[in-house]
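Engineer: Structure provided below as structure tokens; questions to follow.
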Amino acid sequence: MKHFFSVNQLDVDTIYHLCDAAKRYRNEQVHVSKQIFAANVFTEPSTRTKLSFIAAQRKIGLDVLEIDGVQSSISKGESLEDTAITLEAIGADVLIIRDQSNEWIDELQDKISIPMINAGAGTLEHPTQCMLDVYTLYEEFGSFEDLNVVIAGDIKHSRVAHSNIQTLTRLGANVYTSCAPAFQDPTLDVPNVSMDEAVTFADCMMLLRIQHERHEGEETSVDHYLEQYGLTKSREKQMKKKAIIMHPGPVNRNVEMDETLIYCDRSRVKQQIQNGVYIRMAIMLYMLQKWGIIDESFTNERNDTKQ
């Protein structure tokens with residue numbers, strides 16, 4: 001695998017391998033002894049994805065190069081391709097890219113000779129978010145077979161929904177959507193159910209925000225959205241005893257879910273954020289191994305400063 005653009009590139013065994021590696025990295029300190037530069041190119045706003053990549057990079061001892069769309073030459077009109085080529089020429093060993101375009105993957109994949117990791121591509125794919133969600137569910141339930149996962153919210157514009165639906169289905173989960181008619185995606189071959197029905201059988205309710213920035217002029221009102229399509233307190237009470245709530249963030253409070261549920265006992269929002277660091281450690285180390293930038297013995301390297 002040359003670049004990591006989609007979880008569809010990974011077979012099921014590799015998905016489980018990365019989850020097991022993430023679990024291991026949570027409990028042990030891994031440090032790459034050679035100097036490796038990781039360049040983060042984020043032309044879209046990001047808190048969780050960007051900072052968890054930085055935390056993951058520093059935990060494994062990578063030197064971090066930071067690029068954002070405001071403080072770089074991208075604000076002067078430089079293309080993403082030229083930015084990526086510049087970073088490679090400077091000496092970056094791996095590129096982490098997040099961009100609002102749906103086309104950047106096709107444009108760059110044959111022009112860059114270092115590994116690239118997709119940190120968000122338009123409305124199409126968000127594979128590292130998908131992997132941290134998979135890891136969180138794996139930790140919680142231990143298996144995906146016949147697990148009922150309902151993804152609710154702005155399905156049409158969500159790259160998280162597209163990545164998760166494809167991957168969870170492949171792993172054996174029963175995946176459903178629940179959304180307003182305007183947010184349905186007819187290209188997805190999964191059942192769409194009402195929120196009142198969804199809460200009665202879901203093992204996991206995965207909520208998504210309304211992504212106004214991707215609606216391209218569409219008028220979207222949030223008036224009464226929570227009551228009609230969101231997870232209210234009364235709906236949460238109808239959930240199965242061991243069912244959980246997930247959300248990739250950021251949360252629009254009292255829109256897709258009642259704000260009292262964000263960090264309730266059912267919620268795994270904090271765990272998702274924590275798991276994002278460890279699964280991104282696993283993915284970056286996996287890609288660096290695939291390219292021969294590090295060898296398999298790196299896992300025997302420990303940070304000597306650990307007390």
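Engineer: Go through the range 173-191 and count every residue that is surrounded by fewer than 20 Cβ atoms within 10 Å (Cβ to Cβ) and of a type outside the set (A, V, I, L, M).
Structural biologist: 9
Engineer: Quick one: Thr187 ticks every box in (1) modelled with pLDDT under 95; (2) polar (S, T, N, Q); (3) outside any loop (DSSP other than H, G, I, E, B) except a single one, so which number is it?
Structural biologist: (3)
Engineer: Can you pull out the residues in the range 137-172 that are of a type in the set (S, T, N, Q) and crowded, with 24+ Cβ neighbours inside 10 Å?
Structural biologist: Ser158, Ser163, Asn164
Engineer: If we scan the range 80-87, do we find a residue that is farther than 16 Å from Ile114 by Cβ, aliphatic (A, V, I, L, M) and assigned by TED's automatic domain parsing to the domain that holds Ala119?
Structural biologist: No, the conditions are met nowhere in the range 80-87.
Conditions tested, residue by residue: (1) touching a strand residue (DSSP E or B) at 6+ places or on another chain (Cβ under 6 Å); (2) β-branched (Val, Ile, Thr).
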{"site": "Thr47", "(1), (2)": "no, yes"}
{"site": "Leu51", "(1), (2)": "no, no"}
{"site": "Ile60", "(1), (2)": "no, yes"}
{"site": "Ile96", "(1), (2)": "yes, yes"}
{"site": "Asn102", "(1), (2)": "no, no"}
{"site": "Lys111", "(1), (2)": "no, no"}
{"site": "Leu132", "(1), (2)": "no, no"}
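Engineer: Out of the residues in the range 18-58 meeting the condition of being within 15 Å of Leu132 (Cβ to Cβ) and of a type in the set (D, E, K, R), tell me which one is surrounded by the most Cβ atoms within 10 Å (Cβ to Cβ).
Structural biologist: Lys50
The values are calculated or read from the model by the stated rules, or taken from the named source; none is laboratory data. No experiment lies behind these values; they were computed from the predicted model shown. Cβ: placed from backbone, ideal geometry, glycine included. Neighbour counts: every protein chain shown.
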